[in-house]
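**Q** Below you will find the structure I want to go over with you.
The values are calculated or read from the model by the stated rules, or taken from the named source; none is laboratory data. Note that the structure is a prediction, hence the values are computed from the model and not measured. Heads up, the Cβs are rebuilt from the backbone with ideal geometry, glycines too, and the neighbour counts pull from every protein chain shown. Areas reflect the complete protein model, heavy atoms only, side chains present, ligands, DNA and RNA absent. Shrake-Rupley method; radii C 1.70, N 1.55, O 1.52, S 1.80 Å.
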Amino acid sequence: MPSDTPQSLFLYSTTVSDVGTVRSNNQDSSFAGEHLAAICDGMGGHAGGDTASTIAIRSLAHIERDDASLGVQECATMMETSVLAAHDAIVGKAKRERKLAGMGTTVTAIALVEGYWVLAHIGDSRAYLLRDGHLVRMTQDHSYVQHLIDTGRITEAEARNHPQRNVVMRVLGDFDIDPRPDIAVRQAHAADRWLLCSDGLCGVLEDSTIEETLATVSDQGECAQQLVSMALRAGSTDNVTAVIADATLALDVDAFDLPHQTPLVGGAASASLEPIADIINEPVSTAPALRSGKASPAQRAAALAQETRTDPVSYTAQPSTVREETGDLQEPDTGEIPVVQKRDGRLTADPNDPDVAKAIHHEHDKQEQLSHAKVIRSRILIVVGVVALLAALAGTAAVGYLWSQTRYYLGIDDGQVAIYQGVPTNLFGFELSHPVEDTGISVADLPQNWHTQLDQGIMVDDIDAARDHADLIERESRHLEQQRNDRADGEKTDAADNNDSSDNNDSSDNADTSNDADADQEGR
């Protein structure tokens, strides 16, 4: 079958993003356009993950603009540069706002240029390509469990329940790690179908399930809806986002009625569409909401409460040029002069008229009285609010401490790996954890990556899980120690062989010398 000409393929995409049934907010962000599709999974707390994934989407959005002169290599360079720019922006914002320290995001994005797919990836979100009915994972997870899989230490099945399955080795953000994304270029075929998804989806659905759904549900929107719904029904406890992108063959690229879509934005980035509309200089819309998938009444009630708090109302944002033309600007403060009726029945608004001036003065006095009353009410509300806040903080501190004592984690105590009860933080200067059990494992014997994790605290569900994780660390420590001993024994064996060879040579030399001496004696 001959390959399609570069101009014969165009991209059509959609996205669905849902907060899920456990999280209080959606930290995923997604973009689905005619030239770009992307998924970003944020991390770093309630506000940090939202902010990081939104920054990344805005940094990539300019690729959506139709630039006929953009070649494949130029697009690949642009994708990498955009990801690195997002990293710099996230780091800069985290430094300016301390509450955002430690935020970051994954990035997985594709663009269709001149008949080629350009893929950028960093983190543990995934990109799948369905071609001719066969599904291929196009990205490699930059995660700790993927490293364990690659080195043969655990299986794919074990990785799903590994205690460190959420540890990402490479990601954009406020971390001292390499932010450069993987870039790949692959020729596009007609009917190629991509799935970009966060780990809230691929972490619970088998590849065979994903393949079957992508292959059998032709409608993009329905396919995305079903994948997100299945992930939630399968027990996903994370935000769940899917982006479906199809390469479609256009028989006449000059036709005026080619399919056109308004780019869709999902998740955290959809909370403010105007900046993205300005970046691409065209309208953008919020992604469709998940129609179903939260099966139990409790899940549906939780989802309803979460959507009430976090999900923006569906709308379309116009770029600034259109907003100016339609007069969608702030209403000016007109400061109108009062209209006064004179004794003779005339109406006047002349500020030089004494009656108008008196009315203006009266209005000013009235406004001052209202302003004074408002200040008094504000002060009362502030006092009441401070008292309520102090009471709430005291209650929160008590509840927080009681809750913290139900948690456990692995940390460092006097150079040893120890099990702590509580959480690795403090509340108003009061530590919320204390060591309860010493594992006897020396931190100095562990590799550097364990040092970093133990410094931050490895959270577990209970003390039994903490002991199991300590056993895992100890086994790895023994494995490393055995490798060091094996290397040392090998070096000793080589040295002994060298010494034996030297002794044999010396014995031979001594024997030759003795024989020469005997011969001389006989000659005499």
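**Q** Run Ile419 past the list (1) open to solvent by 70 Å² or more (accessible area, probe 1.4 Å); (2) at pLDDT 70 or above; (3) in contact with a Pro (Cβ under 8 Å, 6 or more places away or on another chain); (4) not basic (Lys, Arg) and report the number of the one that doesn't hold.
**A** (1)
**Q** Moving on. Might you check whether a residue that is more than 22 Å from Ala111 (Cα to Cα) and either surrounded by 20 or more Cβ atoms within 10 Å (Cβ to Cβ) or at pLDDT below 95 (or both) occurs anywhere in the stretch 241-253?
**A** Residues of the stretch 241-253 that are more than 22 Å from Ala111 (Cα to Cα), as a first pass: none.
The answer is no, given that none of the residues of the stretch 241-253 is more than 22 Å from Ala111 (Cα to Cα) and either surrounded by 20 or more Cβ atoms within 10 Å (Cβ to Cβ) or at pLDDT below 95 (or both).
**Q** Does Arg186 fit the bill of being open to solvent by 10 Å² or more (accessible area, probe 1.4 Å), touching a residue at least 60 places away in the same chain (Cβ under 8 Å) and within 21 Å of Leu60 (Cβ to Cβ)?
**A** Criteria met by Arg186.
**Q** Would you call Asp238 assigned to a strand (DSSP E or B) and open to solvent by 10 Å² or more (accessible area, probe 1.4 Å)? Spell out how you get there, then give the answer.
**A** Values: assigned to a strand (DSSP E or B): no; open to solvent by 10 Å² or more (accessible area, probe 1.4 Å): yes.
No, not satisfied.
**Q** Could you please let me know if Gly152 is on the phi > 0 side of the Ramachandran plot and either touching a residue at least 12 places away in the same chain (Cβ under 8 Å) or in contact with a strand residue (DSSP E or B) (Cβ under 7 Å, 6 or more places away or on another chain) (or both)?
**A** Numbers: on the phi > 0 side of the Ramachandran plot: yes; either touching a residue at least 12 places away in the same chain (Cβ under 8 Å) or in contact with a strand residue (DSSP E or B) (Cβ under 7 Å, 6 or more places away or on another chain) (or both): no.
No.
**Q** Let me ask another. Could you list all residues from the stretch 394-416 that are part of a helix (DSSP H, G or I), touching a residue at least 24 places away in the same chain (Cβ under 8 Å) and either open to solvent by less than 60 Å² (accessible area, probe 1.4 Å) or out of contact with any strand residue (DSSP E or B) (no Cβ under 9 Å at 6 or more places or on another chain) (or both)?
**A** Selection gives Ala397, Gly400, Ser404.
**Q** Starting from the stretch 446-460, keep only residues that are over 18 Å from Pro435 (Cα atoms), then list their pairs with residues that are open to solvent by less than 30 Å² (accessible area, probe 1.4 Å) and part of a helix (DSSP H, G or I) whose Cβ atoms are within a distance under 6 Å, requiring at least 6 positions of separation or different chains.
**A** Final answer for the pair search is Leu446/Ser477.
**Q** Here is a follow-up. If you go through the stretch 269-280 one residue at a time, do you hit one that is assigned to a loop (DSSP other than H, G, I, E, B) and of a type in the set (Gly, Ala, Ser)?
**A** Taking the stretch 269-280 first, the residues assigned to a loop (DSSP other than H, G, I, E, B) are 272-273.
Adding the requirement that they be of a type in the set (Gly, Ala, Ser) leaves 272.
Scanning the stretch 269-280, I find at least one residue that is assigned to a loop (DSSP other than H, G, I, E, B) and of a type in the set (Gly, Ala, Ser), so the answer is yes.
**Q** Given the conditions (1) in contact (Cβ under 8 Å) with a residue 12 or more places away in the chain; (2) open to solvent by less than 40 Å² (accessible area, probe 1.4 Å), which single one is not true for Gly92?
**A** (1)
**Q** Can you tell me which residue is modelled with the lowest pLDDT among those in the stretch 368-401 that are farther than 30 Å from Asn426 by Cβ and of a type in the set (Val, Ile, Thr)? Steps first, answer last, please.
**A** We begin by selecting, within the stretch 368-401, every residue farther than 30 Å from Asn426 by Cβ; these are 368-381.
So of that shortlist, the ones also of a type in the set (Val, Ile, Thr) come out as 375-376, 380.
Details: Val375: 81, Ile376: 88, Ile380: 89.
Only one residue fits best here, namely Val375.
**Q** Could I ask something else about it? Would you check which residues across the stretch 400-414 are within 11 Å of Val443 (Cβ to Cβ) and not aliphatic (A, V, I, L, M) and list them? Steps first, please.
**A** Step one: of the stretch 400-414, the residues within 11 Å of Val443 (Cβ to Cβ) are 410-414.
Listed by number, the residues that qualify are Gly411, Asp413, Asp414.
**Q** How about the stretch 454-477: which of its residues are touching a helix residue (DSSP H, G or I) at 6+ places or on another chain (Cβ under 9 Å) and assigned to a helix (DSSP H, G or I)?
**A** Going through the stretch 454-477, the residues touching a helix residue (DSSP H, G or I) at 6+ places or on another chain (Cβ under 9 Å) turn out to be 454, 458, 460, 473, 476-477.
Hits for the stretch 454-477 are Leu454, Ile473, Glu476, Ser477.
**Q** In the stretch 200-235, which residue that is closer than 22 Å to Met43 by Cα and among the β-branched types (Val, Ile, Thr) is least open to solvent (accessible area, probe 1.4 Å)?
**A** Val228
**Q** Which fully enclosed strands (runs of 3 or more DSSP E) of the stretch 110-199 have 3 or more residues being over 22 Å from Gly71 (Cα atoms)? Even if it seems obvious, please write down each step before you answer.
**A** Working: elements: 116-122, 126-131, 134-137, 182-187, 193-197.
Answer list for the stretch 110-199: 126-131, 134-137, 193-197.
Condition check ((1) β-branched (Val, Ile, Thr); (2) modelled with pLDDT under 75; (3) more than 30 Å from Ala101 (Cβ to Cβ); (4) open to solvent by less than 90 Å² (accessible area, probe 1.4 Å)) across all residues:
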residue: Gln453; (1), (2), (3), (4): no, no, no, yes
residue: Ala465; (1), (2), (3), (4): no, no, no, yes
residue: His469; (1), (2), (3), (4): no, no, no, yes
residue: Leu472; (1), (2), (3), (4): no, no, no, yes
residue: Arg484; (1), (2), (3), (4): no, yes, yes, no
residue: Gly490; (1), (2), (3), (4): no, yes, yes, yes
residue: Ala495; (1), (2), (3), (4): no, yes, yes, yes
residue: Asp509; (1), (2), (3), (4): no, yes, yes, yes
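**Q** Oh, and also: For the stretch 8-57, which strands (runs of 3 or more DSSP E) that fit wholly inside it have 3 or more residues that are of a type in the set (S, T, N, Q) and in contact (Cβ under 8 Å) with a residue 12 or more places away in the chain? Outline the logic, then answer.
**A** Values: elements: 9-18, 28-32, 36-43.
Correct list: 9-18.
**Q** Test each condition in (1) β-branched (Val, Ile, Thr); (2) open to solvent by less than 70 Å² (accessible area, probe 1.4 Å); (3) farther than 19 Å from Gly42 by Cβ for Ile177 and report the one that comes out false.
**A** Every condition holds for Ile177 apart from (3).
**Q** Checking Glu97 against (1) under 20 Å from the mean Cα position of the chain (by Cα); (2) surrounded by fewer than 14 Cβ atoms within 10 Å (Cβ to Cβ); (3) modelled with pLDDT of 90 or more; (4) over 22 Å from Ser236 (Cβ atoms), which single condition isn't satisfied?
**A** Here Glu97 clears every test but (3).
**Q** Give the stretch 387-412 a look and list any residue that's within 29 Å of Asp468 (Cβ to Cβ) and out of contact with any Pro (no Cβ under 7 Å at 6 or more places or on another chain), or say none. Please lay out each step first, then the result.
**A** Start the filter on the stretch 387-412 by keeping residues that are within 29 Å of Asp468 (Cβ to Cβ), which leaves 399-412.
Those that are within 29 Å of Asp468 (Cβ to Cβ) and out of contact with any Pro (no Cβ under 7 Å at 6 or more places or on another chain): Val399, Gly400, Tyr401, Leu402, Trp403, Ser404, Gln405, Thr406, Arg407, Tyr408, Leu410, Ile412.
**Q** Just the residues that are among the aliphatic types (A, V, I, L, M), at pLDDT 95 or above and open to solvent by 20 Å² or more (accessible area, probe 1.4 Å), please, taken from the stretch 113-156.
**A** Leu135, Val136, Met138
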